[in-house]
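The values are calculated or read from the model by the stated rules, or taken from the named source; none is laboratory data. None of these values were measured; they are calculated from a predicted model. Cβ atoms come from the backbone with ideal geometry, glycine included; neighbour counts cover every protein chain shown. Side chains are part of the model used for accessible areas, which takes the heavy atoms of the whole protein and leaves out ligands, DNA and RNA. Shrake-Rupley method; radii C 1.70, N 1.55, O 1.52, S 1.80 Å.
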Amino acid sequence: QVQLVESGGGFVQAGESLRLSCLASGSISSIGAMGWYRQAPGKQRELVALITSGGITNYADSMKDRFTISRDNAKNTVTLQMDSLKPEDTAVYFCYLVQRWSTFWGQGTQVTVSS
């Protein structure tokens, strides 16, 4: 099994920044894509950003100019730098990774942005 633990969520004012981190541990081998989804109250979970094992990134349109995803393959971590946060970014953020044919999820970390 693979365990994912997120950290870095919190409460900020609009325009401020947060940095989310996710550490993978357990039975890790041949990790593929890693990334982040988020889910706001009453809404479906949506993709925020992903990064492949080769470093190719993909972002949701509303976040591509404000968020930056990175990963450290040696440390099995994925990080999401979030700048210029908006109240609509308020959500629970979940990290995930794909390993072979399975997808593993973290428990989520709350991000709240006040106007």
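Just a few scattered comments:
- For residue 57, net neighbour charge (Lys/Arg +1, Asp/Glu -1) across residues whose Cβ lies under 11 Å away: +2
- Cross-link partners of residue 86 among lysines, defined as those whose alpha carbon lies under 20 angstrom from its own and excluding same-chain residues fewer than eight positions apart: 43, 64.
- Counting protein heavy atoms only, the chain has 48 percent of its accessible area on carbon and sulfur, 1.4 angstrom probe.
- Residues in segment 98-115 that a label on residue 40 would reach, taking backbone N under 20 Å of a point 7 Å out along Cα→Cβ: 108-115
- For the chain, the dipole from Cβ point charges (+1 on Lys and Arg, -1 on Asp and Glu) about the Cα centre works out to 260 debye, to the nearest 20.
- Multiplying the residue separation of residue 62 and residue 105 by 0.36 nm and removing their Cα-Cα distance gives an extension gain of 13.2 nm.
- Note on segment 52-115: dipole from Cβ charges, positive end direction compared against 90, 70, 112; the farthest Cα belongs to 70.
- Residues in the chain average 53 Å² of solvent-accessible surface per residue, probe 1.4 Å, ligands and nucleic acids excluded.
- Counted by Cβ distance under 14 Å from residue 77, the other residues give a net charge of +1, where Lys and Arg count +1 and Asp and Glu count -1.
- The Cα trace of segment 66-115 gives Rg and Dmax of 13.0, 41 Å, the first to one decimal, the second as a whole number.
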